[in-house]
């Protein structure tokens, strides 16, 4: 069927077909609007629909949304078509053209594999062929590309996106996402979007020297040959572009950020049996808190970073000279990541916000690749690092940023998050109260302009 005019079409019992195959014009079909019967607009006017389970469209650029609860068969024909998700186990045939699975209207998680043509989760179990693009909503989604030229867009939510062969475009959207990029088979673009994102690059076809970091941090544990690229921030509109010389193809990376909240190797942590270097601590070891309590270590996070392309404001450690925060605080120079907070005058101040160029400085003389270490207790507390009160892990960052996050997941699964202690926090220099700045500058012998 498919005629001009505003028609009311009722399919009735059995399996009924909407056949728009005789037009080259675009049609928009929605079998599950928020109110009222289904609708069809475009080539044949504005139609009212109910009781249809199969749709065939023509060569136009069509948009199709299935009915809730029904198991439908949709054949989109030629043209650049899009299919909006609906509940029901659907069979989708995209046909020729660049076709899109548009699941952006859901807050639930979906798992989509373009290589196998399967979708599970929010819209039940769908099978499909002929689709090269996916866009999802605000759930924690898992998207995997195919051997062709794909477009994966995760939307909001903490998503995992895995690119395949071909010239792919991967956009992670908001929140803390993980992107896994397989190999050079075309000119690929990766955009992490907002949130603290992780990019992992397969080492199957590359030597470490050909990876964007230019250094070899070693494959991440448990990832079977995936190199974890951390501590890189690309925020310019153009992104950062790398060329793989054997083929001349390029990889463009935008907005991959990693927040680093850790201690530099060698930092001495107070324990009931004396101080120990942070990298020697393990799960179950006891540490002393700033209040004098003894706490067992719940987990030790490791985060490998590269300084070659890293933003120094986020990657390079901050050196707090002995006595910079108070008499004997710290007892020796303390090195920690810029986003790691220490307690100063009752306020959690991130180290990067304290840099004054005199007694608190950025440490440029570090290896090209090194590993930070972080301590997780049962709660967000203060331990003594070189005698200074410094915070333990808190869930204001994502554990995906750590090399060994899978170890934590295996031990604890999706347990409730660790809330932040009830203290004010200063993340940037402009947030540091004036009395704190004056106290530090006075100890440094500097004159602070009021």
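When residue 94 is evaluated against the numbered criteria (1) free of Cβ contacts under 8 Å to residues at least 12 places away in the same chain; (2) crowded, with 23+ Cβ neighbours inside 10 Å, which criterion, by number, is the only one it fails?
(1)
Determine whether the range 389-397 contains at least one residue that is surrounded by 23 or more Cβ atoms within 10 Å (Cβ to Cβ) and closer than 22 Å to residue 433 by Cβ.
yes
Test of understanding: among 148, 77, which residue is outside any strand (DSSP E or B), out of contact with any helix residue (DSSP H, G or I) (no Cβ under 7 Å at 6 or more places or on another chain), at pLDDT below 80 and not assigned by TED's automatic domain parsing to the domain that holds residue 19?
Result: 148 is the single residue among 148, 77 that is outside any strand (DSSP E or B), out of contact with any helix residue (DSSP H, G or I) (no Cβ under 7 Å at 6 or more places or on another chain), at pLDDT below 80 and not assigned by TED's automatic domain parsing to the domain that holds residue 19.
Being modelled with pLDDT under 80 and either surrounded by fewer than 22 Cβ atoms within 10 Å (Cβ to Cβ) or closer than 19 Å to residue 29 by Cα (or both) narrows it down to one residue among 88, 137; which is it?
Details: 137 fails: modelled with pLDDT under 80.
Answer to the check: 88.
Residue under question is residue 101, and the condition is that it be buried (at least 18 other Cβ atoms within 10 Å of the Cβ) and either on the phi < 0 side of the Ramachandran plot or at pLDDT 65 or above (or both); does it hold?
Details: buried (at least 18 other Cβ atoms within 10 Å of the Cβ): yes; either on the phi < 0 side of the Ramachandran plot or at pLDDT 65 or above (or both): yes.
Here the answer is yes, as residue 101 does meet what is asked.
The values are calculated or read from the model by the stated rules, or taken from the named source; none is laboratory data. Note that the structure is predicted; figures quoted are calculated from it, not measured. Ideal geometry is used to build each Cβ from the backbone, glycine not excepted, and the neighbour counts take in all protein chains shown.
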